[in-house]
Amino acid sequence: MGFRDWMKNRLSREHSGKVLILGLDSAGKTTLTRFLKLGSFQETSPTIGQNIEVFKTSGWNITAIDVAGQRHFRFLWSSHYPGTNGVVFVVDAADVFRFEEARAVIVEHVLENEYLRGVPVLILANKQDIPGAVHASTLIQALGLHEELTDHTFQVFGCSVLHGEGVHEGLDWLVDTME
Ligand code: G3D
């Protein structure tokens, strides 16, 4: 099934809701949102600015935020957190040098975020097509998150967003888990 069909079958008919896509710059968020927009029937004009993109696709409100460094934008991001039904945290699994930074932002923006309490978290171990990328099964350990995540419903999926591989599986899990 192509992504457009998947979007039609899964997202538009069965559910609606608000999904937050978070991750460091270069993790693959823009590439992922491009995929999501492919299945769109009613895409509205995106809002781009302050490292945030907000758009609607097939009844879903998607907010993608670059949660790297720039502290002065953080107060703007927080207004996007309430009402979230599911979080996608995208990690560049091939960039081990930024794992510490990725860990810090998932802890701050997701695990310690009062607005996201109880919200399921899909962690995408992206860029699996790059040799040496950390496998989904060891990403949590590699990020040092095995203890922090115990209170959250989460799942890690390996994927290559660029090639559209593994993305459906991850999103399927999120859709099934979201309330
Ligand atoms: P961001 O929106 O999180 O900042 P982007 O990240 O989606 O802009 O992706 C950053 C770069 O990583 C892009 O390359 C993009 O093509 C690449 N990328 C995203 N997903 C994958 C993947 O699954 N595999 C590989 N190999 N690359 C990926 P450029 O060259 O445009 O900067």
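What follows draws every value from the coordinates through simple rules; no lab data is involved. Given the structure is predicted, the values throughout are model-derived calculations rather than measurements. All Cβ positions, glycine included, derive from the backbone under ideal geometry; neighbour counts span all protein chains shown.
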Which one, 146, 126, 113, projects farthest toward the positive side of the charge dipole computed for region 105-153 from Cβ point charges (K/R +1, D/E -1)?
126
What is the magnitude of the charge dipole of region 88-153 about its Cα centre, with +1 placed on the Cβ of each Lys and Arg, -1 on the Cβ of each Asp and Glu, and no other charges, expressed in debye to the nearest 20?
200
For residue 108 and residue 169, compute 0.36 nm times the residue count separating them, minus their Cα-Cα distance, and round to one decimal in nm.
19.3 nm
Full-stretch length increase - residue 34, residue 100 - with 0.36 nm per residue and alpha-carbon distance subtracted:
21.1 nm
Could you give log10 I(q)/I(0) at q = 0.23, 0.34 Å⁻¹ for region 82-126, computed by the Debye formula over C-alpha point scatterers of equal weight, without solvent?
-0.80, -1.24
Hey, got a sec? Which GluC sites (Glu not before Pro) in region 89-165 land in a DSSP loop and have at most 11 other Cβ atoms within 10 Å?
112, 147
